[in-house]
Amino acid sequence: MVYAVSDLHGCYEKYIQMLEIIHFNKKDTLYVLGDVVDRGPGGIRILQHMRKHGNILPLRGNHDVLAASLLKKLSDPANLRSRKLVELCGLWFEDGGRETYRAFTALSREEKADLLKYMDSFFIYEEIIVNGRNFFLSHTVPGKEKMLNFDSCRWEDFVMGEPDYEETYYEDRCLVTGHTPTGFIEESFAGRIWKKNRHIAIDCGAVFGNPLGCICLDTLEEFYAEGES
C-alpha cells in the first residue's frame with residue numbers, strides 16, 4: 001500500500017501510532033509531505049526513524065528547509081558573530097525552531113552531519129500512479145495559473161505556495177498537499193482530511209492538538225492518530 005502523511009511537526013508519538021494503525025511494513029511506501037520538524041519536541045527523533053526506512057520517502061516543507069539551512073550555519077562558530085543570523089534564528093525559535101535546535105545540539109558531530117545530509121536529500125515533489133490514479137505530491141503548490149505553466153515554477157512554490165483549493169487544476173490527477181491546516185480551508189474539516197476539486201489536503205493540524213491524518217492512495221481510505229488519550 002502507498003500512504004501519505006504531512007506536517008508531523010515533531011509529533012513523534014502520533015507518528016509512531018500512525019505507523020501502527022496502518023500496520024506499516026516493508027511492502028508499503030509512506031510519503032511524508034514535509035514539515036517534519038519544529039513546534040513539537042520530536043522532530044529530530046522522527047527524522048532519525050525515517051532515515052532508517054528506505055520505504056519512507058520525505059518531501060521538503062518550508063520548516064524543513066529553514067531548519068536545515070540555519071542548523072548548518074549554526075554549526076560553524078564563526079557564523080555566530082552574524083547579527084543577521086542571530087535575528088533570523090530568533091524568529092525561527094519563535095515559530096517552533098527552538099525544539100528542533102535543542103534536540104539537534106544533543107547529537108554527536110557525526111549524527112549532526114548525517115542528519116543534515118539526509119535533509120538535503122528530500123524531494124521537492126513526486127508524481128506517482130497508484131491503482132490507475134495519478135497523484136502529484138508536494139508540501140504545497142502555487143496558484144492554478146502558475147501551476148499550469150509548470151516551467152515557470154520554482155522549488156519555493158512547492159514548499160511555500162498558496163493553492164487555489166476551490167479550483168480544479170487537472171482533470172486527470174489529484175494534488176495531495178499539506179502545509180495548510182484543513183480547518184483553515186473549511187472550518188468544519190478541522191482535524192480531518194479535506195477532499196474537493198481533485199485536491200486532497202492532509203495537514204490536519206496534529207501539532208495543534210488535532211489528530212494526525214494519513215491517506216492510503218490505493219483506496220483513499222483515511223486514518224487518524226489521536227495520540228495519548
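Points to keep in mind about this one:
- Restricting the range 97-191 to GluC sites (Glu not before Pro) that sit in a DSSP loop and have at most 11 other Cβ atoms within 10 Å of their own Cβ leaves Glu166, Glu171.
- Filter on Lys14/Lys144; Lys84/Lys112; Lys26/Lys144 - keep pairs with C-alpha separation over 26 Å: Lys14/Lys144; Lys26/Lys144
- Simple spin-label estimate for Thr168 and Arg98 in nanometres, 7 Å along Cα-Cβ: 4.7 nm
- From the coordinates shown, log10 I(q)/I(0) by the Debye sum over Cα atoms at q = 0.08 Å⁻¹ corresponds to which of (i) -0.41; (ii) -0.28; (iii) -0.46: (ii)
- Rounded to the nearest Hz, the phi-derived 3J(HN,Hα) couplings of the range 155-163 under the Karplus curve 6.51 cos²θ - 1.76 cosθ + 1.60 (θ = phi - 60°) are 4, 4, 5, 9, 10, 9, x, 10, x, where x marks glycine and proline.
- Residues in the range 44-130 average 59 Å² of solvent-accessible surface per residue, probe 1.4 Å, ligands and nucleic acids excluded.
- Estimated FRET transfer efficiency (Thr105, Glu126; beta-carbon r; R0 25 Å; 0.05): 0.20
- Computed from the C-beta positions of Leu116 and Arg83 and an R0 of 25 Å, the FRET efficiency is 0.60 to the nearest 0.05.
- Extension gain from Lys26 to Leu148, taking 0.36 nm per residue of separation minus the Cα-Cα distance: 40.4 nm
- Only lysines eight or more places from Lys146 in sequence, or on another chain, were considered; those with a Cα closer than 27 Å are Lys195, Lys196.
- Rounded percent of accessible protein surface that carbon and sulfur make up, the chain, 1.4 Å probe: 49 percent
- ³J(HN,Hα), Karplus 6.51/-1.76/1.60, whole Hz, each residue of the range 41-53, x for Gly, Pro: x, x, x, 5, 4, 5, 4, 5, 5, 4, 5, 7, 10
- Annotation: extensible slack from Asp76 through Cys216 equals 46.2 nm (criterion: 0.36 nm per residue apart, minus Cα-Cα distance).
- The range 112-121 - phi-based ³J(HN,Hα) in whole Hz, Karplus 6.51/-1.76/1.60, Gly and Pro as x: 4, 4, 5, 5, 5, 5, 4, 5, 5, 8
- A straight Cα-to-Cα reach below 20 Å connects Lys27 with the lysines Lys52, residues fewer than 8 places away in its own chain not being considered.
The values are calculated or read from the model by the stated rules, or taken from the named source; none is laboratory data. Because the structure is predicted, anything quoted here is derived from the model rather than measured. Positions of Cβ are backbone-derived with ideal geometry, glycine not excepted, and every protein chain shown enters the neighbour counts. Keep in mind that these areas ignore ligands, DNA and RNA; they rest on the heavy atoms of the full protein, side chains included. Shrake-Rupley method; radii C 1.70, N 1.55, O 1.52, S 1.80 Å.
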